[in-house]
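Below is one structure; the comments refer to it alone.
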Amino acid sequence: MTPPGGHNGWATTDDWASQRPYITTLWDENRTLKDIMQIMQEEHQFFATVRMYKARFQKWGIEKKIKAEEAVEIFRQQTARAAAGKPTVAYIRGRRIDPDRLQRYRYRAAPVISKKIMSVENGAEDQSSSNSSRITQVVVCRTPSPSPSPDTTDSSVSISPRMEEPMELKVPHECMHILHNFINGAFDKGMWQMANTGDRAEMNGAFTWQHYVASSQGLIRHGRVKEGFSLLGLCMDQYKLQLQQPDSMFWLATYKCAIVLASQNDGLADAFIDFASKLTSTILPPGHPFNQLWSRVMLTGLSGIKEHAGRIFESYLDLWVRHINSRETSTTNDIQGAFVFIQLHCTGLLSYNLLETVIQGMIAGQAISRESAEFLLQESKFRLALSYLARRRPKKAESVTREIIAWLDIRPYGEYSDLRCKAAWLIFEVKQRKGTQAEVLRAGRDLLKLSQDWYGPAHIQTLEAMSAVENYCRKIGATGGAEQMSKDFESRWRTFRSMADERQNFPEQIHQPWYYRSVELGEKVGYVEEAVKLFERCLKFSDDSPRCS
């Protein structure tokens, strides 16, 4: 047999190695071998025979596909065991199933299968299989041991409690189970209203709180240590209110806060964890899901929070979006939800497959319009410019920022004020790295004017801009300008604190998640580029009824 004409021949060993991640991803999506071969030929000019694929799969140790009824049975047993406090490893026909592979199956399962999985996790028995006895023989879930045999299928083996799954593996599994129950209950009881209209969105509380936490760290970095800790104290005071009236992103905002603080100082993060866990135990009853979560999180501490963040975020958002897809939602909530998925993917805490599924679904289903998709593309480019700056690539950052500004220039001046100010921040940051002092100061003045025009003189966005420009003036020895700006800042800061004290709350609501203009969790350039290309591809193939291909 000879390869088709018009290409360089059959796949080489190097070709197999370079394409392995993509091929295995297609296989994990439960695509047929015929489909995989066609995709690889048409999209990657990768040519191999059926025999070549099967030989390579055997060499890679790729397992047979998971059947729907087998997956449902695993999730049924896993849920029952988690309720009894037992960690689980799953086997199908004697082969251990990797937990990540099982989660990938769940993300890509057909809606009817996803519904069955959610049903058994909620305690309902799956009545659809006529071969239930055969399935329970094929699927075995048991407590893991430190050195499990990959061929062991005996579910009657008695495992000593001392040989249970290590704590660093047990904690995230139990947290995910608690969160799943919490999300299901909150949506079922109508606690979260996703269909509200206007500027007020269901998730504003968590986003506002998280933004002020990030802003406190920005003030500290710019030399405003006293004011930064004062703002952080206000955030801790407001945490109680958030705890009593949590929105659907509250727990993720809490978790992310610990990681953001740890990126600055582990001591700050540890203090927050101690504060939040003790406050939760004081305010909420012992059996509340948040107390159950903290009891697990405290077992591994800050190191565990960092290590488990990706799995917990992805598991939480996967279930969250499944509920969202079955309900009427407002455009504001949909766009905010898209923000969350984009930012967490850029930090490596959310898989590309889940991001792609969610964004394509939103655009194809017109949950977000073409204009909104273009806006989200610019926001993704903003994350990309920040990532370039963090890696000392100011020319590339400036090029991307100019693309954002060009998009804004053809829109009415009163629209997208937040994005306009963020673009001004980027130019200010770029000029500090590659411009003259005069260019930096000009960019700083432009930033301050925009901030004051859009937000007002005592808004936290304006105060942050002032602290950044003041800090730069001190660095270059422009003490006169710095001192004048310092006096203005302190006067406006007193106004800000007075408003906060009067309202006993934050003076302003923040409508965008993770609005802050810095790389908080170490965004990876490659991940951000994936998000940008995803929106570009969706928009390229969109028309009056947007779709992605």
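Details
- Across region 341-353, the number of residues qualifying as open to solvent by less than 20 Å² (accessible area, probe 1.4 Å) and over 10 Å from the mean Cα position of the chain (by Cα) comes to 0.
- The number of residues in region 405-458 being within 28 Å of GLY480 (Cβ to Cβ), basic (Lys, Arg) and surrounded by fewer than 18 Cβ atoms within 10 Å (Cβ to Cβ) comes to 5.
- Residues in region 478-502 that are farther than 18 Å from LEU441 by Cβ and touching a residue at least 60 places away in the same chain (Cβ under 8 Å): TRP493, ARG497, ALA500.
- Screening ALA338 against (1) of a type in the set (A, V, I, L, M); (2) free of Cβ contacts under 8 Å to residues at least 40 places away in the same chain; (3) over 26 Å from VAL528 (Cα atoms); (4) open to solvent by less than 30 Å² (accessible area, probe 1.4 Å) leaves a single unmet condition, (3).
- So ILE363, is it modelled with pLDDT of 80 or more and crowded, with 18+ Cβ neighbours inside 10 Å: no
- Residue within region 486-497 that is in contact with a Ser or Thr (Cβ under 8 Å, 6 or more places away or on another chain), within 20 Å of ILE427 (Cβ to Cβ) and of a type outside the set (Gly, Ala, Ser) present: no
- Qualifying positions in region 12-38 - farther than 20 Å from GLU70 by Cα, aliphatic (A, V, I, L, M) and surrounded by 15 or more Cβ atoms within 10 Å (Cβ to Cβ): ILE23, ILE36, MET37
- Positions within region 469-512 being crowded, with 18+ Cβ neighbours inside 10 Å, within 32 Å of the chain's Cα centre (by Cα) and closer than 16 Å to ALA458 by Cα, in sequence order: VAL469, PHE496, ALA500, PHE506, PRO507, GLU508, ILE510
- Qualifying residue in region 235-243 (condition: at pLDDT 80 or above and closer than 30 Å to LYS475 by Cβ): yes
- Restricting the first member to region 342-354 and to residues that are on the phi < 0 side of the Ramachandran plot and of a type in the set (Val, Ile, Thr), and the second to residues that are part of a loop (DSSP other than H, G, I, E, B) and open to solvent by less than 10 Å² (accessible area, probe 1.4 Å), the beta-carbon pairs closer than 6 Å and six or more apart or on different chains are THR347/GLU523.
- Members of region 268-311 that are among the hydrophobic types (A, V, I, L, M, F, W, C), in contact (Cβ under 8 Å) with a residue 40 or more places away in the chain and open to solvent by less than 70 Å² (accessible area, probe 1.4 Å): LEU279, ILE283, LEU284, PHE290, LEU293, VAL297, LEU302, ILE305, ALA309
- Test: ALA80 is in a helix (DSSP H, G or I), of a type in the set (A, V, I, L, M), surrounded by 12 or more Cβ atoms within 10 Å (Cβ to Cβ) and at pLDDT 80 or above: yes
- Odd one out for ALA68, checked against (1) modelled with pLDDT of 80 or more; (2) open to solvent by less than 30 Å² (accessible area, probe 1.4 Å); (3) within 21 Å of LEU354 (Cβ to Cβ): (2)
- Of the residues screened, ALA253 is not one that is open to solvent by less than 30 Å² (accessible area, probe 1.4 Å) and touching a Lys or Arg at 6+ places or on another chain (Cβ under 9 Å).
- Checked against the criterion of being of a type in the set (S, T, N, Q), at pLDDT below 85 and out of contact with any His (no Cβ under 6 Å at 6 or more places or on another chain), region 224-233 has no qualifying residue.
- Check on LEU317, aliphatic (A, V, I, L, M) and either at pLDDT below 80 or open to solvent by 40 Å² or more (accessible area, probe 1.4 Å) (or both): yes
The values are calculated or read from the model by the stated rules, or taken from the named source; none is laboratory data. Note that the coordinates shown come from a computational prediction; the quantities given were computed from them, not determined experimentally. Cβ: placed from backbone, ideal geometry, glycine included. Neighbour counts: every protein chain shown. Ligands, DNA and RNA are stripped out before the accessible areas are found, and what is left, the full protein with its side chains, is counted by its heavy atoms. Shrake-Rupley method; radii C 1.70, N 1.55, O 1.52, S 1.80 Å.
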